[in-house]
1. Gly208: within 21 Å of Pro354 (Cα to Cα) and open to solvent by less than 30 Å² (accessible area, probe 1.4 Å), yes or no?
2. Among the residues of the range 1-24, what is the count of those that are open to solvent by 70 Å² or more (accessible area, probe 1.4 Å), over 29 Å from the mean Cα position of the chain (by Cα) and under 13 Å from Cys67 (Cα atoms)?
3. Condition (residue is in a helix (DSSP H, G or I), more than 24 Å from the chain's Cα centre (by Cα) and not β-branched (Val, Ile, Thr)) applied to the range 325-336: is it met by at least one residue?
4. For Asp186, indicate whether it is farther than 23 Å from Thr267 by Cβ, charged (D, E, K, R), touching a strand residue (DSSP E or B) at 6+ places or on another chain (Cβ under 9 Å) and touching a residue at least 60 places away in the same chain (Cβ under 8 Å).
5. Where the second residue is surrounded by fewer than 19 Cβ atoms within 10 Å (Cβ to Cβ) and the first is of a type in the set (S, T, N, Q) and lies in the range 271-287, which pairs have Cβ atoms under 8 Å and are six or more apart or on separate chains?
6. Any idea which of Gln238, Gln290 is within 21 Å of Gly363 (Cα to Cα), more than 27 Å from the chain's Cα centre (by Cα) and open to solvent by 40 Å² or more (accessible area, probe 1.4 Å)?
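The values are calculated or read from the model by the stated rules, or taken from the named source; none is laboratory data. Quantities reported herein were computed from a predicted structural model and do not represent experimental measurements. Cβ placement follows ideal geometry from the backbone for every residue including glycine, while neighbour counts extend to all protein chains displayed. Ligands, DNA and RNA are stripped out before the accessible areas are found, and what is left, the full protein with its side chains, is counted by its heavy atoms. Shrake-Rupley method; radii C 1.70, N 1.55, O 1.52, S 1.80 Å.
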Amino acid sequence: MGTKYSNVKDKIKSAILEGYFQPHQKIGSESDLMKQHQVSRHTVRKAIDDLVNEGWLYKKQGVGSFCADRSLNKESAIGIGKNIAVITTYFSDYIFPTIIRGAEAFLSENGYQVTIFSTNNNIDQERRCIESVISQSFDGLIVEPTKSALPNPNINYYLNLERMRIPYVMINAYYEELEPIHVIMDDVGGGYLQTEHLIKLGHENIIGFFKNDDIQGSKRMKGFIKAHRSAGLPVSPQNIITYTTESKDSKPVEELRKKLQDTQRPTAIVCYNDQLALMLLDVIREMNIQIPEQISIVGFDDSPLSMASEVKLTTIKHPKVNMGIDAAKTILKLIEQNNESSGKFEVVSTQYKPELVLRNSTGRNNIKEIT
């Protein structure tokens with residue numbers, strides 16, 4: 001826990017970063033701030049003095065303290081321009097390093113420095129990352145939304161980015177209420193392809209695992225349902241299992257164990273991603289069930305994990321490097337548009353068409369023939 005004055009200072013700074021105080025707007029009298037934060041006048045003055053010294057506020061003698069226009073000092077914050085921030089949910093595992101490398105390589109070739117932030121799919125950490133981006137006045141931002149299926153309390157920070165004319169591109173998902181430029185997969189189409197493939201192999205009792213605090217999971221589940229409807233197959237509610245970031249390492253494993261002990265056990269599994277599929281493969285092995293003879297399983301993302309075990313995963317191809325490159329190209333176009341004085345040109349979003357990658361984790365349903 002910080003000192004009283006540092007807590008007051010941080011709260012005023014956060015209010016500025018969130019856009020509650022606009023440039024040249026008075027932040028309130030000392031008395032107001034004393035009452036609001038339940039501190040002494042000395043504490044308020046010390047917090048304000050620090051913020052003035054750091055360029056967040058300025059004073060008018062006999063009038064009060066006002067929010068500074070930091071856009072006037074953009075280059076002094078991080079050097080001589082050409083700086084891009086990348087915020088991703090994770091950066092050290094799964095497909096994320098490949099996406100980041102694609103973006104970083106293209107931006108470096110074009111003379112930009114790249115700073116990477118990670119939210120660990122945590123809303124509070126996302127807020128801190130965006131605060132850093134606003135504080136340092138980056139030229140642009142590539143961001144993967146955090147828990148994109150849920151209402152996000154950080155929307156004001158994105159609106160403040162827009163007010164400050166800091167362009168941003170969202171990757172893998174986007175907050176629909178903001179309607180930002182984005183670079184994404186057709187996740188509904190991907191979920192459809194996963195499921196359609198299994199149905200064509202004769203599977204009807206198919207279980208789907210979907211992460212429902214990220215919009216990708218909700219859309220892949222939508223594809224799962226659409227494929228069943230197209231084939232005229234009913235979807236059993238018990239065959240759709242959802243989980244969150246916090247339960248991703250436990251709930252799917254527990255639920256699959258229960259399903260595989262059922263007398264009407266599923267003959268096929270659709271997975272939110274390859275990472276999950278590898279976890280579920282361990283459960284299937286423990287129960288001595290043969291793949292694909294007794295059960296088929298499909299992943300998503302065509303990550304290195306899809307080839308990591310003796311069972312090579314049938315999966316949906318993810319563009320990875322191309323997504324990073326295309327996001328980098330798009331943010332540079334938005335920066336150019338910001339700087340264009342002769343009128344705006346159109347910058348459009350990108351959506352990749354899914355492709356099925358066939359390997360040996362899927363096969364025809366033989367269970368019906370046995371029974």
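1. So Gly208 fits the description; yes.
2. Looking only at that region, the number is 1.
3. The initial filter retains those residues of the range 325-336 that are in a helix (DSSP H, G or I), namely 325-336.
Next, only the ones that are more than 24 Å from the chain's Cα centre (by Cα) stay: 336.
When the remaining residues are screened for being not β-branched (Val, Ile, Thr), the result is 336.
Within the range 325-336, one or more residues are in a helix (DSSP H, G or I), more than 24 Å from the chain's Cα centre (by Cα) and not β-branched (Val, Ile, Thr).
4. Yes, satisfied.
5. Hits for this filter: Asn273/Tyr94; Gln275/Tyr94.
6. Numbers: Gln238 fails: within 21 Å of Gly363 (Cα to Cα).
Going through Gln238, Gln290 in turn, the sole match is Gln290.
To keep it simple, each residue is scored yes or no on (1) open to solvent by 40 Å² or more (accessible area, probe 1.4 Å); (2) of a type in the set (Gly, Ala, Ser); (3) over 26 Å from Arg257 (Cβ atoms).
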| residue | (1), (2), (3) |
| --- | --- |
| Ser306 | no, yes, no |
| Val311 | no, no, no |
| Gly324 | no, yes, yes |
| Val348 | yes, no, yes |
